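Asker: Provided herewith is a single structure, encoded as structure tokens, for subsequent inquiry.
The values are calculated or read from the model by the stated rules, or taken from the named source; none is laboratory data. Quick caveat, the model's predicted, so the values are computed rather than measured. Cβ: placed from backbone, ideal geometry, glycine included. Neighbour counts: every protein chain shown. Accessible surface is based on the protein model in full, side chains and every heavy atom, while ligands, DNA and RNA are left aside. Shrake-Rupley method; radii C 1.70, N 1.55, O 1.52, S 1.80 Å.
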Amino acid sequence: MTWVYWTLVAVYTITIVSIIGVVLSENRNPVKSLAWITVLLMFPVGGIVLYLFFGRSIKNKRMISRRQKRKLLRDSASVDITSLPEEFPAEHRQQIELGRSLAQAVFYTGNDPTVYHTAADKFEALLDDIASARHFIHLQYYIIEDDCIGGRVAEALIESTRRGVRVKMIYDHIGCLGVKSRFFDRLREAGVEVYPFFKVAFPWFATRINWRNHRKICVIDGEIGYVGGMNIADRYITGGRFDCWRDTHMRITGPAVAALHYSFAVDWTFMGRPLIEEKIGPQTAVAGASAGMQLLTCGPTSEWSNVAMLMLKAIGNAKKRVYIQTPYFLPPESMLRALQAAALSRVDVRVMMPRRSDSLILTYASYSYVYECLRAGIKIYLFDAGMLHSKTMMIDNDFCSIGSANVDFRSFEHNFESTMFIYSAETNAELCRQFMADLSRSTRLYASQWRKRPMMQKAKESLVRLLSPVL
């Protein structure tokens, strides 16, 4: 049996060395490469399994062909930023150009946004819009639960198909893993075109489980769009096991709806479906509306970390303040340094996260970054009233963002995400008002107090932080 033992040892050693060689050859972020090497060495068999499931890369994989992309973009009415008023800040022009370079993201003016801070308000508006749909509905969510609100949305979609409205739905297979198939079968039988994104099944189990579609988008008749952080589940309304669930979503009318339509169409085609038939032509600006918008999507197929890079650029351009709300705070090194540099430059930098999130591991990982922020003068607040799931950023007085991306490695590198960057003093002010309201239900952390937390908690934070690039 000795030769069998040594043969297995040799095969295992060669396997580990080979995988480490692959990790190094991909020239990833050194922090992430080191994290994977640590996992492979610390967890002998489990490390290999984790790498097969979560460590592989599909960067630069094309989601749709260039011909299909041109066809979808043909009717998008792009704004020439050279025609914008002279008072439009040069920093904003740079950010818009960056969005175009990163993802061919079109900039639209003349949009009218409505921001929702509670899921009850958002879903009442969404159900009303679904009931008023005349031509088509495109719905895409990470989670669609078979519960009260999920049932109401399903019934509204089924009723729409009876009126002759064409309905397409994308749900994430892992996000909805606990949902019985009969829920989606009922929608299909009623005429709704329902498809799971990256269905995880043999033989693609290990190659798909890590890349999830985290977007929350709805487009109705090409005239109304929704984007933000709320999934379709009762806990977003009731709070679930939390006293409350604070989140942010946005309803849009105006030309920027075309960006949401394009994002949905790309994901639909990426799943092997034909190019969508529903077309929307150039949209006219909403009378009296002035909000400029640019939607950036990102995912594991992107050449660049699109959302993260535009956030970095905006943080670097900040002159007065940077306010961030995120349920999980695991910033890449570049973003952590950008926030520290802004705070050290006397910019008012504030980060709000939940005291207790829906993931204990991610809570510990988020806490591990707190002290570095406090040392640089970044103000950290823990939301005490419940689960803070909002993903917003407000910079100075006229720039902000609402979307599905958290400030963490997974959102910036592994998930398919969508974030709307908004150039509007009114929307910025609305989000800042809510930020201040949330501040009254939060506790500010101070370095002197944070250093005194229990040693066991510090140890847990340090251990989990080692894995933060792969969480």
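Asker: Considering the range 309-322 alone, what residues qualify as being touching a residue at least 60 places away in the same chain (Cβ under 8 Å) and either over 29 Å from residue 84 (Cβ atoms) or open to solvent by 10 Å² or more (accessible area, probe 1.4 Å) (or both)?
Answerer: 309, 311, 313, 317, 318, 319, 320, 321
Asker: Just checking, how many residues over the range 377-386 are open to solvent by 20 Å² or more (accessible area, probe 1.4 Å) and without any contact (Cβ under 8 Å) to a residue 60 or more places away in the chain?
Answerer: Counting residues in the range 377-386 that are open to solvent by 20 Å² or more (accessible area, probe 1.4 Å) and without any contact (Cβ under 8 Å) to a residue 60 or more places away in the chain gives 2.
Asker: Residues that are crowded, with 24+ Cβ neighbours inside 10 Å and on the phi < 0 side of the Ramachandran plot: which helices (runs of 4 or more DSSP H) entirely in the range 174-275 hold 3 or more of them?
Answerer: 257-270
Asker: Also: Could you count how many residues in the range 199-227 are modelled with pLDDT of 80 or more, out of contact with any Asp or Glu (no Cβ under 6 Å at 6 or more places or on another chain) and not hydroxyl-bearing (Ser, Thr, Tyr)?
Answerer: Total satisfying the criteria: 11.
Asker: Just give me the residues in the range 429-438 being open to solvent by less than 10 Å² (accessible area, probe 1.4 Å) and not hydrophobic (A, V, I, L, M, F, W, C), in sequence order.
Answerer: Within the range 429-438, just 438 meets the criteria.
Asker: Could you look through the range 168-192, keep only residues that are under 14 Å from residue 137 (Cα atoms) and in contact (Cβ under 8 Å) with a residue 40 or more places away in the chain, and pick out the one that is farthest from the chain's Cα centre (by Cα)?
Answerer: 168
Asker: Still on this structure: With respect to the numbered conditions (1) loosely packed, with under 13 Cβ neighbours inside 10 Å; (2) in contact with an Asp or Glu (Cβ under 8 Å, 6 or more places away or on another chain), which one is the sole condition not fulfilled by residue 448?
Answerer: (2)
Asker: Based on what the data block shows, is residue 426 under 20 Å from the mean Cα position of the chain (by Cα) and open to solvent by 10 Å² or more (accessible area, probe 1.4 Å)?
Answerer: Working: under 20 Å from the mean Cα position of the chain (by Cα): no; open to solvent by 10 Å² or more (accessible area, probe 1.4 Å): yes.
No: the conditions fail for residue 426.
Asker: Another question, then. What are the residues in the range 388-423 that are over 10 Å from the mean Cα position of the chain (by Cα) and among the hydroxyl-bearing types (Ser, Thr, Tyr), if any?
Answerer: 390, 392, 401, 423
Asker: Here's something else I'd like to know. Can you tell me which residue within the range 82-119, out of those that are in contact with a helix residue (DSSP H, G or I) (Cβ under 9 Å, 6 or more places away or on another chain) and in a loop (DSSP other than H, G, I, E, B), is surrounded by the fewest Cβ atoms within 10 Å (Cβ to Cβ)?
Answerer: 104
Asker: Something else: Of everything in the range 416-445, what is in contact with a strand residue (DSSP E or B) (Cβ under 9 Å, 6 or more places away or on another chain) and farther than 30 Å from residue 93 by Cα? Give them in sequence order.
Answerer: Correct list: 438, 439, 441, 442, 443, 444, 445.
Asker: Is there any pair linking a residue in the range 268-294 that is under 18 Å from residue 112 (Cα atoms) and at pLDDT 85 or above to one that is assigned to a loop (DSSP other than H, G, I, E, B) and among the hydroxyl-bearing types (Ser, Thr, Tyr), with Cβ under 6 Å and at least six apart or on different chains, and which?
Answerer: From the range 268-294, the pairs are 291/424.
Asker: Considering the range 330-347 alone, what residues qualify as being open to solvent by 30 Å² or more (accessible area, probe 1.4 Å) and either of a type in the set (A, V, I, L, M) or at pLDDT 95 or above (or both)?
Answerer: 337, 341, 344, 345, 346, listed by residue number.
Asker: Additional query: If you scan the range 120-140, which residues turn out to be basic (Lys, Arg) and touching a helix residue (DSSP H, G or I) at 6+ places or on another chain (Cβ under 9 Å)? Please lay out each step first, then the result.
Answerer: Filtering the range 120-140 for residues basic (Lys, Arg) gives 122, 134.
Of everything in the range 120-140, just one residue is basic (Lys, Arg) and touching a helix residue (DSSP H, G or I) at 6+ places or on another chain (Cβ under 9 Å), namely 122.
Asker: For the range 133-167, give me each residue that is part of a helix (DSSP H, G or I), open to solvent by 20 Å² or more (accessible area, probe 1.4 Å) and touching a residue at least 60 places away in the same chain (Cβ under 8 Å).
Answerer: Scanning the range 133-167 gives a single hit, 148.
Asker: Residues that are under 27 Å from residue 108 (Cα atoms): which strands (runs of 3 or more DSSP E) entirely in the range 355-421 hold 1 or more of them?
Answerer: Of the strands (runs of 3 or more DSSP E) lying wholly inside the range 355-421, those with at least 1 residues that are under 27 Å from residue 108 (Cα atoms) span 392-395, 399-403.
Asker: So which pairs qualify, if the first residue must be in the range 360-376 and touching a residue at least 12 places away in the same chain (Cβ under 8 Å), the second must be of a type in the set (Val, Ile, Thr) and buried (at least 16 other Cβ atoms within 10 Å of the Cβ), the Cβ gap must be under 7 Å, and the two must be at least 6 apart or on different chains?
Answerer: 361/464; 364/464; 365/464; 368/464; 370/380; 373/351; 373/380; 374/380
Asker: Continuing with this model, one more query. Please give the number of the condition residue 254 fails out of (1) at pLDDT below 95; (2) within 15 Å of residue 215 (Cα to Cα).
Answerer: (2)
Asker: Quick check, is residue 327 part of a loop (DSSP other than H, G, I, E, B) and surrounded by 18 or more Cβ atoms within 10 Å (Cβ to Cβ)?
Answerer: Spelling it out, residue 327 is indeed part of a loop (DSSP other than H, G, I, E, B) and surrounded by 18 or more Cβ atoms within 10 Å (Cβ to Cβ).
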